[in-house]
Amino acid sequence: MRQTPFYEAHVAAGGKMVDFSGWNLPIHYGSQIKEHEAVRGDAGMFDVSHMLVTDVSGENATAWLQKLLANDVAKLSVVGKALYSPMLNEQGGVMDDLIVYLMNDAKTAYRIVSNGATRDKDSAHFAATAEPFGVSLTPRYDVAMLAIQGPQAVAKLLSIRPAWADTVNALQVFQGAYAEEGWFVARTGYTGEEGVEVILPATEARAFFDALCAAGVAPCGLGARDTLRMEAGMNLYGHDMDEETSPLEAGMGWTVSLTERDFIGKQALVQKKEQGVAVKQVGLLLESRGVLREGMSVVIPNVGTGIITSGTFSPSLKQSIAIARVPKETTDIAQVDIRGSLTDVRVLKLPFVRNGKKQFD
């Protein structure tokens with residue numbers, strides 16, 4: 001398995017290491033629930049160094065990204081501003097969801113952050129599509145990435161990096177900036193809570209991790225990450241990326257503009273939109289005992305069936321929650337097949353929780 005620059009820090013902090021898409025990452029440090037609660041009420045940190053940072057440069061960088069991505073990087077008008085976009089195949093299926101930062105005023109430099117499970121496939125696709133544009137791609141294997149999340153995350157970060165205060169406090173949502181040479185700080189809402197993500201030199205990873213621990217930031221693993229993201233209405237990692245499913249069908253919260261701009265997969269999306277999208281994404285809440293899991297069938301009386309794409313137990317709500325793709329006619333009545341028994345669930349709009357508070361009656 002691959003190891004991130006924080007590996008030794010995880011082991012020293014008591015992390016229980018597991019295989020996550022070929023990466024040796026902590027699932028928890030003793031209590032997933034306590035880690036979840038730390039992020040909701042105080043501050044926690046997550047190693048996201050398995051995600052790949054790729055720096056892009058060239059006179060045709062904007063044109064290439066407009067071809068590569070379903071959403072338009074021309075929307076980025078301020079240096080440091082970020083765009084969240086699907087990257088599609090020719091059939092309109094989702095290869096990955098990416099974050100792209102504008103890195104200079106001339107719009108000749110960008111920074112892409114791609115997901116860990118798909119980073120090698122993504123890099124190959126970047127290279128193949130960038131070649132005709134003469135764009136330079138630099139995978140940043142020399143950096144690490146840490147998400148510091150929770151209502152006290154920024155205060156605790158600035159307690160060890162007070163010189164960053166003006167830069168960090170000025171950041172808007174989905175914006176990043178260099179806090180010092182080699183250290184890039186951004187706000188992209190990794191867990192749905194307040195906080196920032198820091199891209200830093202890999203050689204500084206252990207010292208930075210230890211300093212944050214000393215400042216009272218709790219190390220957190222994949223388990224707490226999943227429950228936090230689910231409560232925020234995000235599918236568990238990778239479960240919303242399906243090369244057989246378009247973003248129109250996945251219900252992933254993307255607003256894909258099918259304008260004159262051409263991009264990979266556009267024609268397939270236009271055709272799907274003309275045919276009509278038959279599904280939507282909803283939240284499900286189980287008010288009885290049990291746990292909703294990925295792959296369970298959702299039955300909507302007199303309408304049809306759907307499927308749970310992600311499910312878990314919510315520590316904040318003390319109930320089981322799920323995200324499902326269901327027929328677009330679905331209202332508020334549904335049942336889930338739990339071990340052969342149809343069990344009533346509530347159909348809700350996402351998210352389930354925002355800023356620590358439930359979003360439904």
Cut-off 18 Å, label 7 Å out along Cα→Cβ of residue 138, residues of the range 72-88 by amide N: 80
Once amide H atoms are built 1.01 Å from N in the peptide plane, which residues 5 or more positions from residue 306, or in another chain, come under 5 Å H to H? 298, 299, 300
Using a Gaussian network model of the chain with C-alpha springs under 10 Å, which one of 57, 341, 77 is most mobile by mean-square fluctuation? 341
Just to be sure I understand: with springs between alpha-carbon atoms less than 10 Å apart, which residue in 110, 141, 29 has the highest mean-square fluctuation in the Gaussian network model of the chain? 141
Dipole in debye (nearest 20) - the chain, about Cα centre, beta carbon charges: Lys, Arg +1; Asp, Glu -1: 740 debye
Cα centroid separation, the range 56-73 to the range 269-287 (Å): 28 Å
Checking rank on 129-140, 184-195, with mean other Cβ inside 10 Å and highest first, the result is 184-195, 129-140
Under a cut-off of 20 Å between alpha-carbon atoms, report the lysines in cross-link reach of residue 318, not counting same-chain residues fewer than 8 places apart. 34, 349, 357, 358
In whole Hz, the Karplus estimates of ³J(HN,Hα) for the range 341-357 (6.51, -1.76, 1.60; θ = phi - 60°; x where Gly or Pro) are 10, 6, 10, 5, 9, 8, 9, 10, 6, 8, x, 7, 9, 9, 6, x, 10
Search the structure for amide H atoms under 5 Å from the amide H of residue 93, placed 1.01 Å from N in the peptide plane, and list their residues when 5 or more places away or on another chain. none
Suppose all protein chains stay in the model; what accessible area per residue would a 1.4 Å probe give for the chain, in Å²? 43 Å²
Using label points projected 7 Å from each Cα along Cα→Cβ, tell me how many nm separate residue 302 and residue 210, to one decimal. 6.6 nm
Taking all protein chains as present, what is the carbon and sulfur share of the accessible area of the chain, in % to the nearest whole number, probe 1.4 Å? 49 percent
For the range 111-199, size of Cβ-based charge dipole, Lys and Arg +1, Asp and Glu -1, in debye: 100 debye
Computed ³J(HN,Hα) along the range 220-231: with the Karplus parameters 6.51/-1.76/1.60, θ = phi - 60°, integer Hz and x for glycine or proline, the list is 10, x, 4, x, 5, 4, 5, 5, 5, 5, 5, 4
Go through 344, 262, 361 and list them by solvent-accessible area, largest first, probe radius 1.4 Å. 361, 344, 262
Cut-off under 5 Å, modelled amide H: who pairs with residue 98 long-range: 85, 87
Leaving out same-chain residues fewer than 8 places away, which lysines sit with a Cα under 27 Å from that of residue 67? 75, 81, 107, 121, 266, 272, 273, 280
Arrange the peptides 167-176, 350-359 so that the one whose residues have, on average, the most other Cβ atoms within 10 Å appears first. 350-359, 167-176
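The values are calculated or read from the model by the stated rules, or taken from the named source; none is laboratory data. Predicted model, so just to flag it, every value in this text is computed and none were measured. FYI the Cβ positions are ideal-geometry reconstructions off the backbone, even for glycines, and counts take in every protein chain you see. Note: areas computed on protein heavy atoms with side chains; ligands, DNA, RNA excluded. Shrake-Rupley method; radii C 1.70, N 1.55, O 1.52, S 1.80 Å.
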